[in-house]
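Read through the structure below, which is laid out as structure tokens, and then see the notes.
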Amino acid sequence: MSRKIIQTDKAPGAVGPYSQGTRTEELLFTAGQIPLDPTTGKLVEGGIQEQTRQSLKNLQAVLEAGGAGLETVMKSTVFLQDMGEFSLMNEVYGEFFVDNPPARSVVEVAALPLGVRVEIEAIALIK
């Protein structure tokens with residue numbers, strides 16, 4: 001089984017020794033996506049909903065660059081800085097995963113890169 005590195009300029013570039021995504025013939029694994037605007041490299045303004053929306057747009061871009069899509073996500077993990085924002089994050093998450101949403105874990109963490117409020121990663125099937 002071979003491994004291919006996924007990279008797209010439609011999502012923020014890796015800021016360390018990791019790839020935006022990796023794939024095999026059947027599966028795509030994404031790195032955690034945070035709410036950076038890929039064109040400016042800056043954190044999007046606003047609260048948890050704006051940050052969730054941008055993180056999911058970045059996730060979608062990596063998935064599509066790797067031959068998958070939101071509709072083929074099998075499992076996602078959402079890292080929140082504050083579990084008290086779960087319902088607000090969940091509203092936006094539901095806009096992206098309307099029908100047949102994937103399995104998901106949501107975990108509160110002590111801190112996230114650049115002080116963001118949310119980070120989202122996924123495992124998806126290749127189309």
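Every number in this text was worked out from the coordinates using simple rules, so none of it is lab data. Remember, predicted model here, so these are calculated numbers, not experimental data. A quick note on method: Cβ atoms are made from the backbone with ideal geometry, for glycine too, and the neighbour counts reach across all protein chains shown.
So, in the stretch 1-36, of the ones that are part of a strand (DSSP E or B) and among the polar types (S, T, N, Q), which residue ends up surrounded by the most Cβ atoms within 10 Å (Cβ to Cβ)?
The residue in question is Thr30.
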Within the stretch 38-54, restricting to residues that are surrounded by 13 or more Cβ atoms within 10 Å (Cβ to Cβ) and free of Cβ contacts under 8 Å to residues at least 24 places away in the same chain, the one that is nearest to Ala122 (Cα to Cα) is Gln54
